[in-house]
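Accompanying notes for the structure given below.
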Amino acid sequence: MDKKRKVRICYGVFFLGLFSLWTYLLRIVDVQSIGPRETAVGFATLNQFFHNITGVHMSLYHITDWLGLVPVFLGFGFAILGLAQWIKRNQIRKVDYDILVFGGYYLVVLAAYLFFERFVINYRPVLIDGFLEASYPSSTTLLVLCVVPTSIMQFYNRIKCKLVRCSLCWTLALFVVFMVLGRLLSGVHWLSDMIGGILLSVGLVMLYYGITYFKSK
């Protein structure tokens, strides 16, 4: 394994470590009952301060919620590509290595989402249709930041036309920025939820980047 790939994997482990530390601190630092129905939230002073600044914008929440289907469609697209290669080449081990890793990577992202839906760290700062919903880490942020950057990597390697490749990759990059900022400013997550989602996503993406290109180049 060359130095660059080792560095990518080390960065991935580092950010996952930061995410674990942040999650632990969220459970013990400045925990107050500031959420709906007196639900407890860590880093309460910081979270309440930022939430008061942004307010709640449900229209922005609904827009980012619907646009959250974009990474889902991207994932299905690569799943179909992998299935087509499997059928055409008759053996799963003949599917492109980076596509196989992509499949495993999606399972890890899904497992992270399901884990925090089951073991709730804190709830949203607002009720959704009258119900409490798990808020940490931001699932939309996790989905967008995990799927779209890795899809950009795939498109960058697979699309031969430079103009098409650059246009698509930059469009997706701007989409990521809009989604993260939109989710942050919508007021449906605490600031700590967004930070947690970003740390976890960066860690997973860097691990994917290191592992995939260690084998595929």
Fill in: Of the trypsin sites (Lys or Arg not before Pro) in segment 152-210, those whose Cβ has at most 12 other Cβ within 10 Å and which sit in DSSP loop
160
Discussion item. For residue 160, give me every one of the aspartates and glutamates with a C-alpha distance below 19 angstrom, ignoring sequence neighbours fewer than eight places off in its own chain.
Written reply: 96, 98
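According to the Cα gyration tensor, what semi-axes, each the square root of 5 times an eigenvalue, does the equivalent ellipsoid of segment 7-141 have, listed from largest to smallest in whole Å? It would help to have the intermediate numbers written out before the result.
Values: eigenvalues 261, 76, 30 Å².
Values for segment 7-141, descending: 36, 20, 12 Å.
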Discussion item. For the pair residue 94/residue 107, report the inter-label distance in nm, with labels modelled 7 Å from Cα in the Cβ direction.
Written reply: 2.2
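So if I place +1 on the C-beta of Lys and Arg and -1 on the C-beta of Asp and Glu, and nothing else carries charge, what would the dipole magnitude of segment 63-136 be about its Cα centre? I want it in debye, nearest 20.
Numbers: 6 positive and 6 negative charges, 96 e Å.
Taking the Cα centre of segment 63-136 as origin, the dipole is about 460 debye.
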Fill in: Stretchable slack from residue 162 to residue 178, in nm (0.36 nm times residue separation minus alpha-carbon distance)
3.4 nm
Response to the item:
P(r) of segment 80-187 over all Cα-Cα pairs, 10 Å bins starting at 0, rounded to whole percent, reads 12, 31, 31, 18, 7, 0
Discussion item. At 1.4 Å probe size, put 51, 57 in order of accessible surface, largest to smallest.
Written reply: 57, 51
Item to complete: Whenever you get a sec, compute what percent of the accessible area on segment 46-185 sits on carbon and sulfur atoms (1.4 Å probe).
Response: 73
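Rolling a 1.4 angstrom probe over the protein heavy atoms, how many square angstrom per residue are accessible across segment 18-134? Kindly include the intermediate steps, with their values, before the conclusion.
Numbers: 7270 Å² over 117 residues.
Accessible area per residue, segment 18-134: 62 Å².
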Fill in: Distance violations [Cα-Cα > 32 Å] among 3/162; 4/162; 4/88
4/88
Fill in: Per-residue [θ]222 nm for the chain (sum of -39500 (n - 2.57) over DSSP H runs n ≥ 4, rounded to 500)
-25500 deg cm²/dmol
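The values are calculated or read from the model by the stated rules, or taken from the named source; none is laboratory data. Not measured: the values here are computed from a predicted model. All Cβ positions, glycine included, derive from the backbone under ideal geometry; neighbour counts span all protein chains shown. Please note that ligands, DNA and RNA were not included when accessible areas were found on the heavy atoms of the full protein model with its side chains. Shrake-Rupley method; radii C 1.70, N 1.55, O 1.52, S 1.80 Å.
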